[in-house]
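One structure is given below, encoded as structure tokens.
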Amino acid sequence: MRKLLLLAGFLIVTAALPAGAVVPTTAHETAIETAITSAVSQNSHPSMLNPSLATLATPLGIYLAQGSSLQYKCDPQTVVALRTAPKPCWFGAIKGPTWVVFGDSNAGSWLPALDVAAKTLGVRLASFVYPGCASRTVVSKFESVTISAPCSQFHSHLAAAVGALKPTVVISATLGEGFSGNASNLAAYAATWKATFDAVTASAPRAKRLLFETTPNTGGNTSIPVCLSRAKDLLSCSPHYYPGAYYSTNYWMYLQLTKNAAAASNATLVNVAQWFCQTGLPLKNECPAAIGSTLVYVDGDHISQVYMKQIAPALVDELKALGF
């Protein structure tokens with residue numbers, strides 16, 4: 001006997017399972033990859049998207065549609081006192097071991113999915129997200145990124161705040177911002193992540209480290225919703241990558257950045273590309289801007305809360321497979 005399972009907005013078919021049995025680890029990811037393939041093959045976006053393009057017409061609308069807005073009251077960008085006395089917003093389970101996520105708005109994009117994962121895994125999640133403040137506490141000389149004075153101030157107090165929580169896991173996410181695109185600078189970029197994790201966990205040296213791969217982006221130059229409002233086809237507004245090619249704005253290069261950074265930092269890498277892009281193709285791989293009726297991106301590099309909630313079950317599977 002077979003049954004239909006509606007999973008996080010994706011319809012999949014699975015064999016009937018005994019009561020209380022766990023859905024196979026690969027089922028959630030298979031459903032996502034099938035939906036991505038369908039989006040690419042159809043190459044058209046529906047007139048009604050969630051979130052709607054109209055709601056993303058203002059900076060406030062874009063902010064509210066992404067995960068970092070979930071911890072607005074704990075945002076040092078708006079609450080100046082938090083720059084010298086960081087306090088987290090809490091997600092996940094009410095009781096259990098503590099995990100910490102820190103970083104900029106790209107790390108904040110993961111909050112909807114991490115909240116679901118933390119509840120499922122029985123852990124408390126403390127969020128220290130500062131939009132516009134680089135996740136890394138240092139940057140290399142090869143980059144165009146600068147760390148502002150308020151951001152540096154926040155960084156200097158972050159380790160103590162994290163350490164006070166005695167976390168068992170510390171999480172962040174990369175964007176690859178400011179990277180020169182020169183393959184010879186990969187090691188220098190990775191070293192900045194090692195220095196960052198070392199600094200943030202100085203008061204919690206036993207905490208395990210998790211680093212999320214960069215999510216697809218347009219390099220900050222193009223708003224995907226604006227593009228979709230003007231284009232009839234989907235892929236002309238979608239990020240893509242050429243496996244094996246070294247381009248400064250190429251998503252494949254960002255994946256190499258994260259892989260190197262995780263290795264250098266003694267952090268566990270969380271692979272995410274398969275939840276956004278076609279995988280295993282020999283040429284250009286597309287990362288559709290919309291999957292089904294769900295809009296994946298709220299601007300050029302931030303992911304919608306709606307899509308993050310849809311891929312949350314796959315994240316749970318991934319974390320379990322990694323031993324968390």
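The values are calculated or read from the model by the stated rules, or taken from the named source; none is laboratory data. Every value quoted in this text rests on a predicted model; they were computed, and no experiment measured them. Please note: Cβ atoms are built from the backbone with ideal geometry, for glycine as well, and neighbour counts cover all protein chains shown. These accessible areas exclude ligands, DNA and RNA; they are computed on the full protein's heavy atoms, side chains included. Shrake-Rupley method; radii C 1.70, N 1.55, O 1.52, S 1.80 Å.
Between LYS259, LYS194, LYS73, the residue with the greatest mean-square fluctuation in the GNM of the chain (Cα pairs under 10 Å linked by springs) is LYS73. Protection proxy ranking of 185-191, 59-65, by the mean of other Cβ atoms within 10 Å over each peptide's residues and highest first, is 185-191, 59-65. Between the amide H of ASN217 and any residue lying 5 or more places away or on another chain, no distance stays under 5 Å, with hydrogens modeled in the peptide plane. Entry note, segment 224-324: relative contact order of 27 percent, from Cα contacts under 8 Å with a spacing of 6+ residues.
For the chain, the relative contact order is 23 percent, taking Cα pairs closer than 8 Å that sit 6 or more residues apart in sequence and dividing their mean separation by the residue count. Structure remark: mean-square fluctuation, Gaussian network model of the chain, C-alpha springs under 10 Å; the largest value among PRO131, PRO216, PRO97 belongs to PRO97.
Computed over all pairs of different Cα atoms, the Kirkwood value for the hydrodynamic radius of segment 15-134 is 17.0 Å.
Please report the antiparallel percentage of DSSP beta bridges with both residues in the chain, rounded to the nearest 5. Can you show the working numbers first?
Details: 17 of 35 bridges.
Here the share of antiparallel DSSP bridges comes out near 50 percent.
Counting only Cα atoms, the size of segment 70-115 along its three principal axes is 29, 21, 14 Å, in decreasing order. Mean residue ellipticity, 222 nm, helices only, the chain: the sum of -39500 (n - 2.57) across DSSP H runs of n ≥ 4, divided by residue count and rounded to 500, is -10500 deg cm²/dmol. Shown here: the chain, whose C-alpha atoms stretch 53, 46, 37 Å along the first, second and third principal axes, sorted largest to smallest. Would you mind computing the Rg to Rh ratio of segment 239-321 from its alpha-carbon coordinates, Kirkwood style for Rh? Rg/Rh for segment 239-321 comes to 0.97. Expressed as a fraction of 2.2 N^0.38 Å, the value expected for a compact globular protein of N residues, the C-alpha radius of gyration of segment 63-139 is 1.05. Below 21 Å, Cα to Cα, which lysines can LYS284 reach? Residues fewer than 8 away in the same chain don't count. Within reach: LYS232, LYS259. For segment 252-270, backbone nitrogen atoms closer than 17 Å to the point 7 Å from ALA321 Cα along Cα-to-C-beta are found at 259, 268-270. Ignoring lysines fewer than eight residues from LYS95 along the same chain, the ones with Cα atoms less than 27 angstrom from its Cα are LYS73, LYS87, LYS119, LYS166, LYS208, LYS309, LYS320. Per atom type, segment 194-324 shows carbon and sulfur on 50% of its accessible surface, probed at 1.4 Å.
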